[in-house]
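The values are calculated or read from the model by the stated rules, or taken from the named source; none is laboratory data. Quantities reported herein were computed from a predicted structural model and do not represent experimental measurements. Every residue, glycine among them, receives a Cβ derived from its backbone with ideal geometry; neighbour counts consider all protein chains shown.
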Amino acid sequence: MNSRAETTDDDLLIRIAGGDREAFALLFAKFAPKVKSYLLRLGAPGAVAEDLAQDAMVSLWRRAASFDPKKAKASTWVYVIARNAWIDRLRREKVQLAYRDLTDMSEASGEEAPDAAVAREQEETRIAAALENLPDEQRQVVRLAFFEDRPHSEIAERLSLPLGTVKSRMRLALAKLKVQWEQYR
Amino acid sequence: MTLCHHPADEVLVSYAVGALESGFGLVVGAHVGACTQCRVKVGALEEVSGGSLSDLPDASLGAGALQRTMARLGRVPAPAAIDRRPLLERLPLRPRRWVAPGVWVAAVDTPHSRDNRVYVLSAKPGMSTARHRHSGAEFCTVLKGAYRDEVGLFRAGDFAAAEHDLEHLPVVLPGEECVCLFATEGRLKPRGLMGRIAFALADV
């Protein structure tokens, strides 16, 4: 086996946790352009997307020690960091609040009570099961959110789930995503 | 914790892909933080999102992006301390305003859209709040205590979404004050003089 060719994102993250800057440069080359692409699709102006993509990569460096390949995929982990960097920046970095913190996903804290650790393991098993049983239409909506150059309002509309008025409410809540960016500019 | 009232699946999808407005995302996040069932769903959706991220076409980065980023790295990764205080203590709240005996509101300091309101409201045990009608979407997560309205019983962690056509009269359960986090689109339309005064004073 050619180990050099087999270097995975997991390996890179583990090396980054040890302070390996070369590994960081490799992961940066792979993910920073994707992260910027994601932010542009959420409606971020170019310069903001560029700054936030760099912020996300700095955050990835700082948090690499909490990455555990047994518990999360590297791509999921990078994604959550990118999304949270965006959300935190929108809040002007006051406090990390709304979105699930990475610590929930992969980091077992030393302060954590044993039963909390057990609960976390069960949750991870359940996430894997939930992923397998995820309805196709939900998978599809996630993909739409990433790959279609449409406002999220339209995507919400496409969700033809039998939820009646919930749908109209969601359309309203999502439509203002643009407004948020305008005030940030 | 086993909770009774959850966001609709499409709300969780929007939340997972990062598409909810900040105030609304905050309220959903407060529920997800308290609800194992929804965390599991969101976790699965994040895995799909992670896969989608990898499949996105590359955006071109500015010249020297890597060098600039590398210059910001510490020698070894040093994660920030984890803030494990309850959400209510971590929320950046503006000063409380008493709007009626036993009721205060405090705006949450987030850069939400000017048309929206994001705030915490606390009402004393047994209090019957003003009957009101909604003019837009409203998300609410109970942070402490419990209330009951025509829809059901909402306890700490439960999530409530109000429609524009919902008119309800929430009543706080006895024993403990009830503290809720709200994101509201547009203005509430309270019925009755007392309600109008309270909401006008609150101005959140």
Total residues in the stretch B:1-33, condition modelled with pLDDT under 80, more than 22 Å from residue A:78 (Cβ to Cβ), within 7 Å of another protein chain (Cβ to nearest Cβ) and assigned to a loop (DSSP other than H, G, I, E, B): 1
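Rundown of residues vs (1) without any contact (Cβ under 8 Å) to a residue 12 or more places away in the chain; (2) buried (at least 17 other Cβ atoms within 10 Å of the Cβ); (3) touching a Gly at 6+ places or on another chain (Cβ under 6 Å); (4) of a type in the set (Val, Ile, Thr), yes/no style:
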{"residue": "B:7", "(1), (2), (3), (4)": "no, yes, no, no"}
{"residue": "B:34", "(1), (2), (3), (4)": "no, yes, yes, no"}
{"residue": "B:39", "(1), (2), (3), (4)": "yes, yes, no, no"}
{"residue": "B:65", "(1), (2), (3), (4)": "yes, yes, no, no"}
{"residue": "B:87", "(1), (2), (3), (4)": "no, yes, no, no"}
Between a residue in the stretch A:5-24 that is on the phi > 0 side of the Ramachandran plot and any residue that is among the charged types (D, E, K, R), which pairs come within a Cβ distance under 8 Å, given they are 6 or more apart or on different chains? A:19/B:75
